[in-house]
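The values are calculated or read from the model by the stated rules, or taken from the named source; none is laboratory data. Please read these numbers as outputs of a predicted model, since none were measured by experiment. Heads up, the Cβs are rebuilt from the backbone with ideal geometry, glycines too, and the neighbour counts pull from every protein chain shown. Side chains are part of the model used for accessible areas, which takes the heavy atoms of the whole protein and leaves out ligands, DNA and RNA. Shrake-Rupley method; radii C 1.70, N 1.55, O 1.52, S 1.80 Å.
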Amino acid sequence: MGVPATAVMDTTPVGLAEAIAIEAAEARAWADMYGAAPAEFARAAGVETRDVAGALVLRWAATGRRYFSRAIGLGVAQPATPAALDEILGWYEETGVTMFLLQSLPHCRPAQYEDWLRERGLEPFDAQDRIVRGGEPFDVAAAAGPAGRELTVERVERGAVEEWASFLADTYGLDTGDWLEALHARPGWHQYVAREAGVIVSARGMFIDPGGTAWLGMDGPVPGVHAPEYDGDAALCAAIVADGLRRGARSFIADIEAPSADMSTPAYDYFGRLGFRRPYVRTHWARVAGG
């Protein structure tokens with residue numbers, strides 16, 4: 001039985017084991033993404049990762065953006081410790097990164113974890129809804145919904161790599177060097193764009209890890225954050241999940257980066273029709289004074 005064309009999103013929580021698997025899958029995607037950065041660019045831009053207490057810690061110093069310097073999975077796969085927090089914060093301080101994020105979610109351990117964040121001068125900055133789905137089939141046309149626009153979605157092939165890379169870098173205002181081109185050719189990665197009248201209006205990527213989990217990210221512009229419209233992303237996500245299933249993906253993970261307490265934005269509608277559920281919310285913590 002396929003996924004029904006419904007906008008209702010299940011919010012049933014998941015246990016620790018599933019949360020560990022979900023966070024680990026995202027960490028694999030980011031680790032592989034940062035690992036694709038050409039060595040010379042990575043040195044100049046301060047792109048690197050390290051593992052601390054079972055968490056993946058990202059650093060991209062040149063961006064000055066919190067989202068690209070953050071920890072994924074801290075306190076989830078194994079309990080956090082004050083020493084682990086101090087190691088992460090010390091690394092950022094030593095490398096000149098003042099804009100960074102740490103995360104908390106309901107599964108973080110121990111119970112004092114958020115107290116330790118506050119003691120170190122961090123406070124809640126924003127949140128994201130973690131969304132996931134299994135490998136159930138679905139009706140692509142019904143799930144995409146009536147956008148009311150003439151949008152076409154295509155997988156980025158070799159001839160369009162430069163155009164896609166420029167669009168994504170310009171959307172975020174980042175100098176990515178030849179990193180995106182290197183990532184495009186990397187096993188497991190698939191990039192997609194939505195066009196209107198032949199012009200790219202939205203992009204999103206997918207990484208399928210060896211275990212068959214597909215991470216959906218690298219979205220730009222981010223609906224509700226960089227742009228008020230959701231049509232392009234809705235069309236992209238329907239096409240990406242369909243392509244992921246064809247490529248053997250058995251589960252999918254993503255985020256709603258502009259969450260709504262009453263789940264009233266279009267993102268909940270199209271992700272709900274795609275069969276995604278929201279098992280938990282992740283809170284980002286930051287030092288915001290002067291940042």
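Helix 161-172 against the longest principal axis of the chain: what's the angle in degrees, Cα atoms only, rounded to the nearest 10?
Compared with the principal axis, the helix lies near 50 degrees.
Non-local amide H neighbours of Met263 (under 5 Å, H modeled in plane, Pro and chain starts lacking H): which ones?
Those qualifying (amide H under 5 Å, at least 5 residues apart or on another chain) number zero.
Carbon and sulfur together cover what percent of the accessible area of the chain at a 1.4 Å probe radius?
Carbon with sulfur: 52 percent of the solvent-accessible area.
Which percent of Cα pairs goes in each bin when the distances of the chain are cut into 10 angstrom slices starting at zero?
The calculated distribution, bin by bin, is 6, 28, 36, 23, 6, 0.
Would you compute, from DSSP H runs of 4+ residues alone, the mean residue ellipticity of the chain at 222 nm, taking -39500 (n - 2.57) per run and dividing by the full residue count, rounded to the nearest 500?
About -9500 deg cm²/dmol.
Give the distance, in whole Å, between the Cα centre of segment 7-28 and the Cα centre of segment 163-188.
28 Å
Which of His184, His107, His226 moves the most in a Gaussian network model of the chain with Cα springs under 10 Å?
His226
I need the phi-derived Karplus couplings for segment 54-61: 6.51 cos²θ - 1.76 cosθ + 1.60, θ = phi - 60°, integer Hz, Gly and Pro marked x.
x, 10, 8, 10, 9, 9, 9, 5
Please give the net charge around Ile208, taking every other residue with its beta carbon less than 15 angstrom from that of Ile208, where Lys and Arg add +1 and Asp and Glu add -1. Can you show the working numbers first?
On the way: positive: Arg28, Arg133, Arg155, Arg186, Arg204, Arg246, Arg247, Arg250; negative: Glu26, Asp32, Asp209, Asp243.
Neighbourhood net charge equals +4.
On full extension of the chain, what length is gained from Ala31 through Thr265, given 0.36 nm per residue of separation minus the C-alpha to C-alpha distance? Before the final figure, lay out the partial values.
Details: separation 234, 0.36 × 234 = 84.24 nm, distance 3.04 nm.
Here the segment from Ala31 to Thr265 would lengthen by 81.2 nm.
Given N residues in segment 182-272, what is its alpha carbon radius of gyration divided by 2.2 N^0.38 Å?
That ratio works out to 1.09.
What does the net charge come to around Ala160 if you take all other residues with beta carbon closer than 14 Å to its beta carbon, with K and R at +1 and D and E at -1?
Charge balance in the 14 Å sphere: -2.
Just reorder Phe125, Phe138, Phe276 by solvent-accessible area, largest first, 1.4 Å probe, all chains present. Can you show the working numbers first?
Numbers: Phe125 90, Phe138 30, Phe276 5 Å².
So, going from the largest accessible area down, we get Phe125, Phe138, Phe276.
If you average 1/r across every pair of different Cα atoms in segment 7-81 and take the reciprocal, what Kirkwood value do you get, in Å?
13.7 Å
Please compute the net charge surrounding Ala25, taking Lys and Arg as +1 and Asp and Glu as -1 over other residues with Cβ under 13 Å from its Cβ.
Combined, the nearby Lys, Arg, Asp and Glu give -2.
Along its three principal axes, how long is segment 1-147 when you only count alpha carbons? Whole Å, largest extent first please.
53, 41, 24
Could you compute the FRET efficiency for Glu40 and Val8, with r as their C-beta to C-beta distance and R0 at 41 Å, rounded to 0.05? Intermediate values should be presented prior to the final figure.
Details: r = 49 Å, r/R0 = 1.20.
Once the sixth-power term is evaluated, E becomes 0.25.
Checking a compactness column here: for segment 78-160, what do you get for Rg(Cα) / (2.2 N^0.38 Å), N being the number of residues?
With N residues counted in segment 78-160, Rg over 2.2 N^0.38 Å equals 1.77.
Roughly what angle does helix 16-35 make with the longest principal axis of the chain, taking Cα atoms, 0 to 90 degrees, to the nearest 10?
Taking the Cα atoms of the chain, the angle to 16-35 is about 90 degrees.
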